[in-house]
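Trainee: Please find one structure pasted underneath; my questions will follow.
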Protein chains: 2
Amino acid sequence: MPRPADPAVRRLLVERAARMLADREPVTLRALVEGTGVSTMAVYTHFGGMPGLWSAVRQEGFSRLTGRLAGVPHTADPVHDLAALGVAYARNGLAHPELYRAMFDAGARLADEAAAGAPFERLVAAVARARDEGRLAAPTDPRTLATQYWAAGHGLVSLVVQGVLPGDVLAPLSTATTVALLVAAGDGETRCRASVERAWAAG
Amino acid sequence: MPRPADPAVRRLLVERAARMLADREPVTLRALVEGTGVSTMAVYTHFGGMPGLWSAVRQEGFSRLTGRLAGVPHTADPVHDLAALGVAYARNGLAHPELYRAMFDAGARLADEAAAGAPFERLVAAVARARDEGRLAAPTDPRTLATQYWAAGHGLVSLVVQGVLPGDVLAPLSTATTVALLVAAGDGETRCRASVERAWAAG
DNA sequence: GTCGTACCATAGCGTTGCTATGTCATGATG
DNA sequence: CATCATGACATAGCAACGCTATGGTACGAC
């Protein structure tokens, strides 16, 4: 048997790439391995090339997002919790804008990347719970509403991260859109707005 | 005076770049000028470099989008017309996915690109008209609602163009989100849904 | 007719991602 | 314990990338 691949090298490279991304340094093959003690070939044995490295960086981004969403507590108000997921999603994107852009970058084939599905499933579960506890109308399809909610949030976060929209519009616009979607799904307007605004006020 | 810069060269290069983008060929400096009779330096005199070329390509994309939105007719139903703008936006993005991605690509500084504002202003005007004709509540701020509407549409189109969501979900999800936003802004639900569905059925 | 200006072709620079080649550590096998 | 096969990793070099220095040349002003 050959020498086993060192998983520490994998994590080192991915984390270093994420760090360089956050520091707005160009993530280049040679710059990535410089000072790490490993050579450029390590990138090929571990990731098969730069596209593979980027894929791993995106996975890392989705994993961190999943962790962040997992940290959103369950309270007695399922609509508040649903909105809190949106808040966490937005805050995560704004805190790591370069990573967020990399996650949805042009070359990404998200459908092929396993970790990309976990945050969405979390969202689907939260919608299902809000429906099952009577806040949303019974015929509400959790996947449909979760997709609408995610797409709207992703659109807003994308435009803010890209500098098209100023950051301070994110909370009010996200609140308004969230309330519109959930009221359309059957929640009472006054109650819904209170739940959503409470989620944005905290966090 | 020197020899005047040939505007035809500019258009030639931008259109060729858009063509290569649509054909999924890598848009490279040398590949771009190959066979055109002009040399690589033309890209620098006209655009200052590849980033400048990409900026011009994005402008071209926004110009085409503006033209497409201008082709959306005014009817007696302002909510239908507003939804029709969304339909045209989505169809434009799906018809030219690579160009759409380039328009919102990582390196883009859309705030600095003049043409990027025109489609949005068209949207703002349509929202203002729907409000002024009584379909939306009087206190509705056209820019706020237009931003929500755009962000939601952009999020959906982005995810479809990226292959995350299948293309056939675009019409139903966009319809549902549009209705939710406009009903929240004061339109009657039944009437609104009819207007929006009519816009998607046509086009 | 002369000249200055800026467009543009040519050639070459540094850097990029990648691959061909060689070395070495490792665990299974006798 | 010695041997060997295997795959991880270092080194060196390749084609292609964006870009720039240089020089020729067409154009408009005088």
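Trainee: Decide, for region B:1-59, between rounded, prolate and oblate: order the square roots of the alpha carbon gyration tensor eigenvalues as a ≥ b ≥ c, take rounded if a/c falls under 1.5, and otherwise choose prolate if a/b is larger than b/c, else oblate.
Mentor: In terms of gyration-tensor shape, prolate.
Trainee: Given 0.36 nm per residue, what is the gain on full extension from residue B:11 to residue B:34 after removing their alpha carbon distance, in nm?
Mentor: 6.7 nm
Trainee: Taking each pair of different alpha-carbon atoms in the protein assembly as shown once, compute 1/r for the pair, average those values, and report the inverse of that mean as the Kirkwood hydrodynamic radius in Å to one decimal.
Mentor: 22.9 Å
Trainee: Can you put A:20, B:103 in order of Cβ neighbours within 10 angstrom, beginning with the fewest?
Mentor: Final ranking by Cβ density, sparse to dense: A:20, B:103.
Trainee: Counting other beta carbons within 10 Å of each residue's own, what order do A:81, A:141, B:168 fall into, fewest first?
Mentor: Ordered by Cβ neighbours within 10 Å, fewest first: B:168, A:141, A:81.
Trainee: Would you please calculate the Kirkwood hydrodynamic radius of region B:115-182 over all C-alpha pairs and express it in Å, rounded to one decimal?
Mentor: Hydrodynamic radius (Kirkwood, Cα pairs) of region B:115-182 is 12.9 Å.
Trainee: Using all Cα-Cα distances in region B:59-202, what percent lands in each 5 angstrom bin from 0 up to the longest?
Mentor: All Cα pairs, binned at 5 Å, distribute as 2, 10, 21, 24, 21, 14, 7, 2, 0 percent.
Trainee: OK, next. Once you place label points 7 Å from the Cα toward the Cβ at residue B:190 and residue A:41, how far apart are they in nm?
Mentor: Distance between the two pseudo-spin positions: 7.5 nm.
Trainee: Arrange A:89, B:44 by Cβ neighbour counts within 10 Å, fewest through most, would you?
Mentor: B:44, A:89
Trainee: Taking 7 Å along the Cα-to-C-beta vector as the label spot, tell me the residue A:202-residue B:70 distance in nanometres, rounded to one decimal.
Mentor: 5.1 nm
Trainee: Show me the helices of chain A, taken as full DSSP H stretches, that run 24 Å or more along their long axis by Cα and average -0.5 or above in Kyte-Doolittle hydropathy.
Mentor: A:50-70, A:78-95, A:142-161
Trainee: Grab the Cα-Cα distance for residue B:138 and residue B:50, subtract it from 0.36 nm times how many residues apart they are, and report the gain in nm with one decimal.
Mentor: Gain in length upon complete extension: 27.0 nm.
Trainee: Taking H placed 1.01 Å from N in the peptide plane, check which residues at least 5 places from residue A:140 or on another chain put their amide H under 5 Å from its amide H.
Mentor: The list, which skips near neighbours in sequence, is empty: none.
Only the coordinates and a few stated rules stand behind these numbers; no lab work does. What you see is a predicted model; the values in this text were computed from it and never measured. So basically every Cβ, Gly included, is an ideal-geometry build from the backbone, and we count neighbours across all protein chains shown.
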